[in-house]
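> Dropping the structure in here first, questions after.
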Amino acid sequence: MQTLVVEKDTEVRDFLPLNGTDHLELYVGNAKQSAHFYKTAFGFETVAYAGPETGLRDRASYVLQQGKIRLVLTTPMNSEGVITEHIRKHGDGVKILALWVDDAYKSYEETIKRGAISYQEPKTLTDEFGEVRTAGIYTYGETVHLFVERKNYKGAFMPGYVAVEGGYKPGSTGLLYIDHCVGNVGWNRMNEAVKWYEDVMGFKNILSFDDKQINTEYSALMSKVMSNKNGYVKFPINEPAEGKKKSQIEEYLEFYDGEGVQHIAVATHDIIKTVREMKARGVEFLSAPPKAYYETLLERVGKIDEDIAPLQELGILVDYDEEGYLLQIFTKPVQDRPTLFFEIIQRKGAQSFGAGNFKALFESLEREQELRGNL
Ligand code: FE2
């Protein structure tokens with residue numbers, strides 16, 4: 001009798017399985033002060049450190065954590081080197097979007113095989129807490145995806161870092177995990193970047209917005225959302241589109257001096273509480289949309305659990321899709337250059353990204369751009 005062999009996994013296998021975001025590393029001009037800002041204003045706490053005191057001569061890095069979100073803030077200790085050069089060119093910004101994997105060597109091999117450009121060959125770091133394996137590839141601009149495998153590690157962050165306990169802890173603001181990270185790419189570069197994520201990383205384009213949907217009287221952009229197979233990692237990609245005046249993406253590209261991470265969206269289970277707390281701690285958010293936005297809100301999005309008054313008071317936006325609704329708000333840029341900013345998001349079923357708010361959001365952004373003289 002003939003045995004029919006059915007392959008267990010008939011679907012195309014995910015060649016790059018991701019468990020989520022491992023950490024984001026920012027290169028900043030003064031990591032000590034940035035750490036204070038993210039602790040005081042955003043509610044992070046320092047969990048690990050590496051620097052001259054731990055034997056590193058060229059840099060200092062602070063590892064901050066809140067919920068599952070890990071930020072690494074790195075600053076150079078002298079006037080030369082790649083970190084210094086990165087900051088000179090881009091200002092403070094995200095260098096590394098690190099992805100948590102089960103096999104860093106294989107992730108590197110599979111993506112390099114598909115055309116990725118190497119940033120760092122696979123290496124194994126060890127200390128008394130075990131081992132961490134990492135490897136890195138370049139994505140848009142000078143931004144890097146670092147694959148981090150930590151299944152055999154029990155330390156605070158990675159070999160080379162020492163755990164930090166105690167110290168200044170102003171308390172959480174309720175931020176839980178990274179929902180998505182958005183990249184800005186240059187003119188007509190979006191589809192190239194999308195194809196790169198499809199070919200090299202095995203991602204899928206799950207949503208697209210064109211300049212007909214995302215425009216104001218003055219400016220426009222186009223955006224495509226890329227997601228990995230299990231949906232744990234989402235990278236929307238924006239490119240500028242022609243408008244009467246300069247779009248926010250063009251302003252970003254000019255001030256970042258190239259392509260890079262535009263915003264980091266972090267999730268909360270209580271956006272009203274989180275935003276109220278962050279405002280009290282000095283985080284600046286984009287101005288609220290006009291009163292009319294809230295007057296017509298329920299007609300637009302249907303019934304919601306929240307009262308309108310606190311949403312309006314704080315300037316929180318609401319959008320919906322077939323699966324539910326979401327609440328979101330955007331900070332002003334977190335450095336003097338009008339580049340990186342944060343989004344606070346609370347999902348109540350909706351899996352989309354707030355396209356219905358883009359217009360209100362852009363008008364608010366344009367008011368800021370005009371104040372900076374960049375519209
Ligand atoms: Fe977003």
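> Give the residues of the stretch 46-68 that are surrounded by fewer than 20 Cβ atoms within 10 Å (Cβ to Cβ), under 29 Å from PHE285 (Cα atoms) and in contact (Cβ under 8 Å) with a residue 40 or more places away in the chain, sorted by residue number.
Of the residues in the stretch 46-68, the ones surrounded by fewer than 20 Cβ atoms within 10 Å (Cβ to Cβ) are 47, 52-59, 65, 67-68.
Still in the running and under 29 Å from PHE285 (Cα atoms): 47, 65, 67-68.
Once the filter is applied, which keeps residues that are surrounded by fewer than 20 Cβ atoms within 10 Å (Cβ to Cβ), under 29 Å from PHE285 (Cα atoms) and in contact (Cβ under 8 Å) with a residue 40 or more places away in the chain, the stretch 46-68 yields VAL47, GLY67, LYS68.
> Still on this model: Could you please give the count of residues in the stretch 229-246 that are open to solvent by less than 60 Å² (accessible area, probe 1.4 Å) and more than 23 Å from ILE344 (Cβ to Cβ)?
Of the stretch 229-246, the ones open to solvent by less than 60 Å² (accessible area, probe 1.4 Å) are 231, 233-241, 243, 246.
Still in the running and more than 23 Å from ILE344 (Cβ to Cβ): 239-241, 243, 246.
Looking only at that region, the number is 5.
> Tally the residues that are open to solvent by 70 Å² or more (accessible area, probe 1.4 Å) and assigned to a helix (DSSP H, G or I), restricting the search to the stretch 274-299.
8
> Then there's this: Name the single residue, out of those in the stretch 161-183 being within 15 Å of the ligand (Cβ to nearest atom) and open to solvent by less than 70 Å² (accessible area, probe 1.4 Å), that is nearest to the chain's Cα centre (by Cα). If you could, list the steps in order and put the result at the bottom.
Residues of the stretch 161-183 within 15 Å of the ligand (Cβ to nearest atom): 175, 177-183.
If we keep only those that are open to solvent by less than 70 Å² (accessible area, probe 1.4 Å) too, we end up with 175, 178-183.
Working: LEU175: 13, ILE178: 7, ASP179: 8, HIS180: 5, CYS181: 3, VAL182: 6, GLY183: 8 Å.
Ranking the qualifying residues of the stretch 161-183, first place goes to CYS181.
> List the strands (runs of 3 or more DSSP E) inside the stretch 300-375, counting only whole elements, that have at least 3 residues being over 18 Å from the mean Cα position of the chain (by Cα) and surrounded by 16 or more Cβ atoms within 10 Å (Cβ to Cβ).
Output list reads 317-321.
> Being at pLDDT 95 or above, within 16 Å of the ligand (Cβ to nearest atom) and more than 25 Å from ASP257 (Cβ to Cβ) is the requirement here; does TYR153 meet it? Full working, then the answer.
Details: at pLDDT 95 or above: yes; within 16 Å of the ligand (Cβ to nearest atom): no; more than 25 Å from ASP257 (Cβ to Cβ): yes.
Here the answer is no, as TYR153 does not meet what is asked.
> What's the number of the condition ILE329 fails, among (1) of a type in the set (Val, Ile, Thr); (2) within 30 Å of VAL28 (Cα to Cα); (3) modelled with pLDDT under 95?
It fails just one condition, (3).
> Inspect the stretch 114-125 for any residue being surrounded by 15 or more Cβ atoms within 10 Å (Cβ to Cβ), hydrophobic (A, V, I, L, M, F, W, C), touching a residue at least 60 places away in the same chain (Cβ under 8 Å) and under 16 Å from THR139 (Cα atoms) and give the result as yes or no.
There is at least one residue in the stretch 114-125 that is surrounded by 15 or more Cβ atoms within 10 Å (Cβ to Cβ), hydrophobic (A, V, I, L, M, F, W, C), touching a residue at least 60 places away in the same chain (Cβ under 8 Å) and under 16 Å from THR139 (Cα atoms).
> Scanning the stretch 209-222 for residues that are touching a Gly at 6+ places or on another chain (Cβ under 7 Å) and open to solvent by 50 Å² or more (accessible area, probe 1.4 Å), which turns out farthest from the ligand (Cβ to nearest atom)?
Our first condition is that a residue be touching a Gly at 6+ places or on another chain (Cβ under 7 Å); within the stretch 209-222, this holds for 215, 218-220.
Going one step further and asking which of them are open to solvent by 50 Å² or more (accessible area, probe 1.4 Å), we end up with 215, 218.
Details: ASN215: 17, TYR218: 21 Å.
Among them, the one singled out is TYR218.
> For the stretch 305-320, state whether one or more residues are in contact (Cβ under 8 Å) with a residue 60 or more places away in the chain, within 15 Å of the ligand (Cβ to nearest atom) and not polar (S, T, N, Q). Let's see the steps before the verdict.
Quick first cut of the stretch 305-320, residues in contact (Cβ under 8 Å) with a residue 60 or more places away in the chain only: none.
No, the stretch 305-320 contains no residue that is in contact (Cβ under 8 Å) with a residue 60 or more places away in the chain, within 15 Å of the ligand (Cβ to nearest atom) and not polar (S, T, N, Q).
> Sort out which residues of the stretch 132-178 are of a type in the set (Ser, Thr, Tyr) and farther than 19 Å from TYR49 by Cα, and write them in order of number.
Going residue by residue through the stretch 132-178, those that are of a type in the set (Ser, Thr, Tyr) are 134, 138-140, 143, 153, 161, 168, 172-173, 177.
Answer for the stretch 132-178, where residues must be of a type in the set (Ser, Thr, Tyr) and farther than 19 Å from TYR49 by Cα: TYR138, THR139, TYR140, THR143, SER172, THR173, TYR177.
> Go through the stretch 175-186 and count every residue that is more than 10 Å from ILE344 (Cα to Cα) and touching a helix residue (DSSP H, G or I) at 6+ places or on another chain (Cβ under 8 Å).
Here the count works out to 4.
> Does the stretch 66-92 hold any residues that are under 18 Å from the mean Cα position of the chain (by Cα) and more than 20 Å from VAL148 (Cβ to Cβ), and which are they? Quick ask: steps written out before the conclusion?
To start, the set of residues in the stretch 66-92 that are under 18 Å from the mean Cα position of the chain (by Cα) comprises 66-74, 90-92.
Within the stretch 66-92, HIS90, GLY91, ASP92 meet the criteria.
> If a residue must be open to solvent by 10 Å² or more (accessible area, probe 1.4 Å) and farther than 18 Å from VAL334 by Cα, how many such residues does the stretch 89-105 contain?
4
> Tell me, yes or no, whether the stretch 193-208 has at least one residue that is open to solvent by less than 40 Å² (accessible area, probe 1.4 Å), within 13 Å of the ligand (Cβ to nearest atom) and in contact with a strand residue (DSSP E or B) (Cβ under 7 Å, 6 or more places away or on another chain).
Taking the stretch 193-208 first, the residues open to solvent by less than 40 Å² (accessible area, probe 1.4 Å) are 193-194, 197, 200-203.
Within this subset, residues satisfying the condition of being within 13 Å of the ligand (Cβ to nearest atom) are none.
No, that holds for no residue.
> Next up: Kindly indicate whether any position in the stretch 222-233 is part of a helix (DSSP H, G or I) and touching an Asp or Glu at 6+ places or on another chain (Cβ under 7 Å). Break it down into steps so the answer makes sense when it comes.
Start the filter on the stretch 222-233 by keeping residues that are part of a helix (DSSP H, G or I), which leaves none.
Among the residues of the stretch 222-233, not one is part of a helix (DSSP H, G or I) and touching an Asp or Glu at 6+ places or on another chain (Cβ under 7 Å), which makes the answer no.
> For the stretch 92-109, state whether one or more residues are among the small types (Gly, Ala, Ser) and assigned to a strand (DSSP E or B).
First pass over the stretch 92-109, keeping only residues among the small types (Gly, Ala, Ser): 93, 98, 104, 107.
Among the residues that remain, those that are also assigned to a strand (DSSP E or B) are: 93, 98.
For the stretch 92-109, residues among the small types (Gly, Ala, Ser) and assigned to a strand (DSSP E or B): present.
> Could you check how many residues of the stretch 27-45 are touching a helix residue (DSSP H, G or I) at 6+ places or on another chain (Cβ under 8 Å) and surrounded by fewer than 18 Cβ atoms within 10 Å (Cβ to Cβ)? Write out each step before concluding.
Applying the first criterion (touching a helix residue (DSSP H, G or I) at 6+ places or on another chain (Cβ under 8 Å)) to the stretch 27-45 yields 27-29, 41-45.
Checking which are surrounded by fewer than 18 Cβ atoms within 10 Å (Cβ to Cβ) leaves us with 29.
Of the residues in the stretch 27-45, 1 are touching a helix residue (DSSP H, G or I) at 6+ places or on another chain (Cβ under 8 Å) and surrounded by fewer than 18 Cβ atoms within 10 Å (Cβ to Cβ).
> Among the residues of the stretch 342-359, are any in contact (Cβ under 8 Å) with a residue 40 or more places away in the chain, in contact with a Ser or Thr (Cβ under 8 Å, 6 or more places away or on another chain), more than 16 Å from the ligand (Cβ to nearest atom) and not charged (D, E, K, R)?
no
> Go through the stretch 69-82 residue by residue and tally those that are surrounded by fewer than 19 Cβ atoms within 10 Å (Cβ to Cβ) and in contact (Cβ under 8 Å) with a residue 24 or more places away in the chain.
So in the stretch 69-82, the residues surrounded by fewer than 19 Cβ atoms within 10 Å (Cβ to Cβ) come out as 77-82.
Within this subset, residues satisfying the condition of being in contact (Cβ under 8 Å) with a residue 24 or more places away in the chain are 77.
Counting residues in the stretch 69-82 that are surrounded by fewer than 19 Cβ atoms within 10 Å (Cβ to Cβ) and in contact (Cβ under 8 Å) with a residue 24 or more places away in the chain gives 1.
The values are calculated or read from the model by the stated rules, or taken from the named source; none is laboratory data. This is a predicted model, so every value here is computed, not measured. When we count neighbours, we look across all protein chains shown, and the Cβ atoms used for this are built from the backbone with ideal geometry, even at glycine. Note: accessible area is taken over every heavy atom of the protein model, side chains too, but ligands, DNA and RNA are not part of it. Shrake-Rupley method; radii C 1.70, N 1.55, O 1.52, S 1.80 Å.
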